[in-house]
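J.: Below you'll find the structure I mean.
The values are calculated or read from the model by the stated rules, or taken from the named source; none is laboratory data. Just so we're clear, the structure is a prediction, and the values are computed from it rather than from any experiment. A quick note on method: Cβ atoms are made from the backbone with ideal geometry, for glycine too, and the neighbour counts reach across all protein chains shown.
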C-alpha cells in the first residue's frame, strides 16, 4: 500500500535575484503562495509550508501549517529533509513556490504516474532532459538516501535525483514548470498569466510604441521605491499596467486597491490611457483623521 501523500510548498529561499519574497508576488489579485495552496490542497492529505526558522511569524506564512528547516542554509534539499523527518510515514509532493504556469493537470499527471517503489517520481526538464526535483513526489524511503547525501556535503536535489533510482516523466504542458527568478521574468509571467493586467481587470492592448513619462511617489511608496520621482520609458498604457510594472521593478508593497492615481494633477481611473510626457502620481492612504 502506498504511503499517504502530503504536500510541501518550498518558501524558504532568500529570493536574492528577485530581491523580494517570491511567495508574495501577485497574479490576478492573489499571492503566489495563495495560488499554490489552492492548486495543491485538493491533491494531498495534508499541506505544509516549508520555512526558515526566521519566517515562522511572517504574516504571509503564519496562518498555514509549517515545517521549519532542521539544517540551515542548504537550499531546497533542507526543506525536503525536514519534511521527510517531520512526517516519516508520508510521501511528499514537493513544489517550488515560483511556478506561475503550473496547472492541476500537471499535478494529476505526476500523481497518476507515481511509483512508490522508486525513491521519487519527477518530470524531465523541457530544456535539458534532467530531473525537475521541485515538482516531484519524494517517497518516505528516500529519507536515508537524502540524509547520506547531505552528510556527504552535497546540496543539489537535481544531482541527487540523477544519482538515484527515480521515475522520470515527460511533461504534457511544456511551460508548467517554468520558474521565475528576476523582476523581468515576473513581468513576462504576469503578462502571460493575466493578459497584461492584474487582479482580474480586463486585458488592455499595450501601447504600440514605448512612451516616456514621469512618476512621483509619496509617503510609504516613496520609502519603498527609494526615491520621490523618476522618469522612465515604458510600454504600459494605463496606470494599472504601469503600477504592476513598478511593483515588480521597485518592490512596492502596497496594492493598487489601496491607492488613488492622478495624471497631470487630476485624479484618474486606473484604466485611463497614458500618453508620452504624462506625470503620474500614485497616492497612498493618509494616516490619521
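J.: How many residues are buried (at least 16 other Cβ atoms within 10 Å of the Cβ) and touching a strand residue (DSSP E or B) at 6+ places or on another chain (Cβ under 6 Å) if we restrict to region 49-78?
T.: Number satisfying all stated conditions: 8.
J.: Which ones in region 206-238 are part of a strand (DSSP E or B), free of Cβ contacts under 8 Å to residues at least 60 places away in the same chain and in contact with a strand residue (DSSP E or B) (Cβ under 6 Å, 6 or more places away or on another chain)?
T.: Within region 206-238, 229, 230, 231, 233 qualify.
J.: Looking only at region 180-195, which residues are in contact with a helix residue (DSSP H, G or I) (Cβ under 8 Å, 6 or more places away or on another chain) and not in a helix (DSSP H, G or I)?
T.: Answer for region 180-195, where residues must be in contact with a helix residue (DSSP H, G or I) (Cβ under 8 Å, 6 or more places away or on another chain) and not in a helix (DSSP H, G or I): just 180.
J.: Determine, yes or no, whether residue 110 is in a helix (DSSP H, G or I) and touching a helix residue (DSSP H, G or I) at 6+ places or on another chain (Cβ under 6 Å).
T.: So residue 110 fails the test.
J.: Report the residue count in region 146-179 for those that are assigned to a helix (DSSP H, G or I) and under 14 Å from residue 129 (Cα atoms).
T.: Within region 146-179, residues that are assigned to a helix (DSSP H, G or I) and under 14 Å from residue 129 (Cα atoms) number 4.
J.: Can you tell me which residues in region 150-162 are more than 20 Å from residue 116 (Cβ to Cβ) and either out of contact with any strand residue (DSSP E or B) (no Cβ under 7 Å at 6 or more places or on another chain) or surrounded by 15 or more Cβ atoms within 10 Å (Cβ to Cβ) (or both)?
T.: Scanning region 150-162 gives 150, 151, 152, 153, 154, 155, 156, 158, 159.
J.: Just a yes or no: is a residue in region 54-69 assigned by TED's automatic domain parsing to the domain that holds residue 136, in a strand (DSSP E or B) and more than 19 Å from the chain's Cα centre (by Cα)?
T.: Scanning region 54-69 turns up no residue that is assigned by TED's automatic domain parsing to the domain that holds residue 136, in a strand (DSSP E or B) and more than 19 Å from the chain's Cα centre (by Cα).
J.: Also: Among the numbered criteria (1) over 22 Å from residue 41 (Cβ atoms); (2) out of contact with any helix residue (DSSP H, G or I) (no Cβ under 9 Å at 6 or more places or on another chain), which single criterion is violated by residue 164?
T.: Status for residue 164: all satisfied but (2).
J.: Also, I was wondering about something else. If you go through region 78-86 one residue at a time, do you hit one that is closer than 22 Å to residue 33 by Cβ and outside any helix (DSSP H, G or I)?
T.: no
J.: Here's another thing I want to ask about it. Please find, within region 61-87, the residue that is farthest from residue 160 (Cα to Cα) out of those that are touching a helix residue (DSSP H, G or I) at 6+ places or on another chain (Cβ under 6 Å) and without any contact (Cβ under 8 Å) to a residue 40 or more places away in the chain.
T.: Among those residues, the one meeting the criterion is 68.
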